[in-house]
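Down below is the structure, laid out as structure tokens.
The values are calculated or read from the model by the stated rules, or taken from the named source; none is laboratory data. Given the structure is predicted, the values throughout are model-derived calculations rather than measurements. Glycine also receives a Cβ, built like all others from the backbone with ideal geometry; neighbour counts cover every protein chain displayed.
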């Protein structure tokens, strides 16, 4: 089975009008899924790279309405799943329902809200998502207890987001034996949705390693850093093929 | 400390009315769950309480006095009692909570303590307790605050703590808190995050309020036959207010007044009046009243006082305000400066700039004759001398 490459980038970064082009170019470069980050003033789960990209995007004038507008312009051209990653306050303030209506309208596949943990995600959220054909993805970490892993697997209708390490996003380290043991442990769980490993995946080696234990992996900070100066199609494709090289698919 | 009451405690879901909860990334779930499950058991142990109370007494110098402020009382035509938290070791109420949480952290097997600080009082208190108990200590502080509260930065370093400057976002308390939370995400096993105010995910607000409840516990005893009519405290995140209100909150005959910083004024965008102007949203793991845009981006707060310069308020206070149990008042930067001078000249007490906001409210209230007012004098003004000196020079 093909291993999935999911690329994250921040909406409105590096330029306010870059969003739509980056989505299409990623798709053209052959990625399997895209995660668009809705820039936020207080991104608790993110390391320096994504924080800085979010700050720049906000300074550029990015906001929720504008992102929906930008996506509307390309919605008929998008063929791969596009997820929206944000923080719960952004969803909450926009209006739980209105936000989901908009997501559906522009063809979003699902949501990732790292600070909306299981326990606060309730029937109300579930129904609104369902009514708008939206999926949701929850995170598992090395410290997540067994019964909770089962529960998260059940509730994640998009994919299960396996956080590779106890860390914020963007740590550039090799994958340790300790992490391998954790990946092995998660591999034994049977979920209805796919498992993707994220956080700290930054090159073809870490991507290949992650793919041995999951259905694919997510790269965020490394891609955000890569397009800082140059978000041309050529540069995006260079990144994507670089990550893919050496990975049996 | 374990009173039968009260509204300072969260419900079984970690909420105070509609506010509170624990909106945290999964990476912190285990740590928060451990705290939720274990903290009450640990702090209710007799041995814990003994050690805690002992340090409060022999190390911090409690009980702190309740001072009758004769000159101010005469001027106002009311009886003003000052609860002298400024006389604690390290100069503010913050040490009460720092001692409590550090002991708790040790019981939980943690060896590394992280903290956020705004004015630096909580950072100093944490650094102090960590030195005493031989714990590693890292304090996150906004780069702007490092500049305006430099005496406290020097104190923390003298005590052996590492002070990490935070350059992201507002470069003040809000982003120092973000950075501390990120540190905790990266070091979940060794580290306890020693939050200094009644903010953060459940059980922090409740826990901090409980450790600070010693303030009102002593006040009640010290008042004896005297019946308090009003209790006044300044509020940023709300820890001294929580402590000052704690044992009064279920007695509806006592008026509770929280004073927040309105900065340049409520009509400007340079303000920290989150209870007055804010809307419900999520920050630092709990749902509360916040200064935010319609998109849910958290706005920068402004106050001359680094300890009140926070765009939210503790969730229990949000609930107490919304349910009309606590009355909110505001004081501007200038009113606070003026009030600090008034207190210094009338009573010979130089208050912290945070406290000065509560003092400023005294001048705005119409008192009944002989009304008994308790004002929580939460900290001393040594750290603010540069700001005060500038103010006097410019007069």
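Quick notes
- Scoring residue A:81 on the criteria (1) more than 10 Å from every other protein chain (Cβ to nearest Cβ); (2) more than 19 Å from residue A:28 (Cα to Cα); (3) touching a strand residue (DSSP E or B) at 6+ places or on another chain (Cβ under 6 Å) leaves a single failure, condition (2).
- Filtered residues of the stretch A:162-203 (kept if part of a helix (DSSP H, G or I), within 27 Å of residue A:43 (Cα to Cα) and at pLDDT 95 or above): A:182, A:183, A:186
- Annotation for the stretch B:172-187: no member residue is more than 14 Å from every other protein chain (Cβ to nearest Cβ) and surrounded by 21 or more Cβ atoms within 10 Å (Cβ to Cβ).
- Residues located in the stretch B:147-173, provided they are modelled with pLDDT under 95 and in a helix (DSSP H, G or I): B:147, B:148, B:150, B:151, B:152, B:173
- Test: residue in the stretch A:135-155 that is more than 14 Å from every other protein chain (Cβ to nearest Cβ), assigned to a loop (DSSP other than H, G, I, E, B) and crowded, with 19+ Cβ neighbours inside 10 Å: no
- Some residue of the stretch B:86-96 being more than 11 Å from residue B:379 (Cα to Cα) and surrounded by fewer than 23 Cβ atoms within 10 Å (Cβ to Cβ): no
- Tally of residues being surrounded by fewer than 23 Cβ atoms within 10 Å (Cβ to Cβ) and more than 9 Å from chain A (Cβ to nearest Cβ) across the stretch B:15-31: 3
- Residue A:218 falls short on exactly one of the conditions (1) surrounded by 14 or more Cβ atoms within 10 Å (Cβ to Cβ); (2) assigned to a helix (DSSP H, G or I); (3) out of contact with any helix residue (DSSP H, G or I) (no Cβ under 7 Å at 6 or more places or on another chain), and that condition is (2).
- Lone unmet requirement of (1) part of a helix (DSSP H, G or I); (2) closer than 30 Å to residue A:145 by Cβ; (3) in contact (Cβ under 8 Å) with a residue 60 or more places away in the chain for residue A:8: (1)
- Exclusive hit being in contact with a strand residue (DSSP E or B) (Cβ under 6 Å, 6 or more places away or on another chain) and at pLDDT 95 or above, set A:95, A:54, A:86: A:54
- Out of B:127, B:119, B:115, B:209, sole residue that is more than 14 Å from chain A (Cβ to nearest Cβ) and either in a loop (DSSP other than H, G, I, E, B) or surrounded by fewer than 24 Cβ atoms within 10 Å (Cβ to Cβ) (or both): B:119
- Among the residues of the stretch A:90-108, those that are within 14 Å of chain B (Cβ to nearest Cβ) and part of a helix (DSSP H, G or I) comprise A:90, A:91, A:92, A:93, A:94, A:96, A:98, A:99, A:102.
- Enumeration of residues in the stretch A:109-125 that are away from chain B (no Cβ under 12 Å) and in contact (Cβ under 8 Å) with a residue 24 or more places away in the chain: A:109, A:110, A:111, A:124, A:125
- So residue B:78, is it surrounded by 23 or more Cβ atoms within 10 Å (Cβ to Cβ), in contact (Cβ under 8 Å) with a residue 40 or more places away in the chain and touching a helix residue (DSSP H, G or I) at 6+ places or on another chain (Cβ under 9 Å): no
- Per-region count, the stretch A:17-56, residues surrounded by fewer than 21 Cβ atoms within 10 Å (Cβ to Cβ), within 14 Å of chain B (Cβ to nearest Cβ) and outside any helix (DSSP H, G or I): 0
- The number of residues in the stretch B:22-51 that are under 23 Å from residue A:113 (Cβ atoms), touching a helix residue (DSSP H, G or I) at 6+ places or on another chain (Cβ under 8 Å) and in contact (Cβ under 8 Å) with a residue 40 or more places away in the chain comes to 8.
- Only one of the numbered conditions (1) surrounded by fewer than 24 Cβ atoms within 10 Å (Cβ to Cβ); (2) in contact (Cβ under 8 Å) with a residue 40 or more places away in the chain; (3) on the phi < 0 side of the Ramachandran plot is violated by residue B:299, and that is (2).
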